[in-house]
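Pasting a structure below so you can have a look.
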Amino acid sequence: MPYDSISLEPSWQARVGAYLERPDMLALLRFLREQEENGRAIYPESREIFAAFDHTPFDSVRVVILGQDPYHGEGQAHGLCFSVPVGVPTPPSLENIFKEIERDLKIARPSHGCLTHWAEQGVLLLNSVLSVEKGLAASHQKKGWEGFTDHVIDVLSKEREQLVFMLWGSYAQKKGRLIDERRHCVLRSVHPSPLSAYRGFLGCSHFSLANSYLRQHGMVPIDWSLS
């Protein structure tokens, strides 16, 4: 699917679609087209750029997990932060996420790293940057995606109530300035990367805290297990 043809899920299109018409976003799409025309491999595939929105419509969002940018290894990125398709080895940060869920909720670690089941329950798995060049981490930062995902967080904060935001690491926590903490629950921790997980992520209990908050506000908790 060419970048000219990608589109947002209708409920998201109605709320943030106009942002994609801004000159900086049109320039970003031109950049992505030019990169592919020049033989650069871009992840995820264009049809999965907006997968987080496809799986989690606006009114379905209950929890937001913020990542940084997509995995840059072949076959890993599929548009959901921290997630990899079934059959792809689980990356280290995701292993630590599963380790914390096991400690926190006594849910055994799954045999795969595909988080679609979470997304379909209302967990928006949103990277701050939605594309990356193969083998080059952070290669599409400061190309325009950050403004768009800032806008997404801002609209969620203003138009929804009683959401849970999980902000892991300093990069994600910068978006905390966009969230009205009088209306929402904001959970902060270090990143689950092996470089930092033992400085507070392991032991943060974010998954049980999120479910407690949802229950307190009359919502169904998230099933954090993966079949």
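So which of Ser7, Ser46, Ser11 is among the hydroxyl-bearing types (Ser, Thr, Tyr), open to solvent by less than 60 Å² (accessible area, probe 1.4 Å) and either at pLDDT below 95 or farther than 23 Å from Arg160 by Cβ (or both)?
Matching residue, one of Ser7, Ser46, Ser11: Ser46.
Restricted to segment 62-76, and to residues that are crowded, with 22+ Cβ neighbours inside 10 Å and not charged (D, E, K, R), which residue is farthest from Val129 (Cα to Cα)?
This residue is Val63.
Now for a different question. Considering only segment 77-106, how many residues are open to solvent by 40 Å² or more (accessible area, probe 1.4 Å) and either in contact with a Gly (Cβ under 9 Å, 6 or more places away or on another chain) or over 22 Å from Gly135 (Cβ atoms) (or both)?
Looking only at that region, the number is 9.
Still on this structure, I have one more. Check every one of the strands (runs of 3 or more DSSP E) wholly within segment 111-214 and list those with 1 or more residues that are open to solvent by 40 Å² or more (accessible area, probe 1.4 Å).
Fully inside segment 111-214 and qualifying: 185-189.
What helices (runs of 4 or more DSSP H), lying completely within segment 1-69, carry at least 3 residues that are out of contact with any helix residue (DSSP H, G or I) (no Cβ under 9 Å at 6 or more places or on another chain) and without any contact (Cβ under 8 Å) to a residue 24 or more places away in the chain?
23-37
Being buried (at least 19 other Cβ atoms within 10 Å of the Cβ), touching a Phe, Trp or Tyr at 6+ places or on another chain (Cβ under 8 Å) and not aliphatic (A, V, I, L, M) is the requirement here; does Phe53 meet it?
For Phe53, the condition - buried (at least 19 other Cβ atoms within 10 Å of the Cβ), touching a Phe, Trp or Tyr at 6+ places or on another chain (Cβ under 8 Å) and not aliphatic (A, V, I, L, M) - is met.
Is one or more of the residues making up segment 99-115 at negative phi, in contact with a Lys or Arg (Cβ under 6 Å, 6 or more places away or on another chain), in contact (Cβ under 8 Å) with a residue 60 or more places away in the chain and not aromatic (Phe, Trp, Tyr)?
no
Please list, ordered by first then second residue, the pairs with beta carbon atoms under 9 Å, 6 or more apart or interchain, first in segment 149-172 and among the basic types (Lys, Arg), second open to solvent by 10 Å² or more (accessible area, probe 1.4 Å) and assigned to a helix (DSSP H, G or I).
Here the result reads Arg160/Asp59, each pair linking segment 149-172 to a residue that is open to solvent by 10 Å² or more (accessible area, probe 1.4 Å) and assigned to a helix (DSSP H, G or I).
Right, here's the next one. List the residue pairs whose Cβ atoms are under 8 Å apart, where the first residue sits in segment 191-204 and is farther than 12 Å from Trp168 by Cβ, the second is open to solvent by less than 50 Å² (accessible area, probe 1.4 Å), and the two are 6 or more positions apart or on different chains.
Pairs found: Pro194/Ser93; Pro194/Asn96; Gly203/Glu100.
Taking the condition of being under 19 Å from Leu8 (Cα atoms), out of contact with any strand residue (DSSP E or B) (no Cβ under 6 Å at 6 or more places or on another chain) and in contact (Cβ under 8 Å) with a residue 40 or more places away in the chain, how many residues in segment 70-88 meet it?
Adding up the residues that qualify gives 1.
The values are calculated or read from the model by the stated rules, or taken from the named source; none is laboratory data. The shown structure was predicted, so the numbers you read here are calculated from the model rather than taken from an experiment. So basically every Cβ, Gly included, is an ideal-geometry build from the backbone, and we count neighbours across all protein chains shown. These area figures cover heavy atoms from the full protein model, side chains too; ligands, DNA and RNA do not enter into them. Shrake-Rupley method; radii C 1.70, N 1.55, O 1.52, S 1.80 Å.
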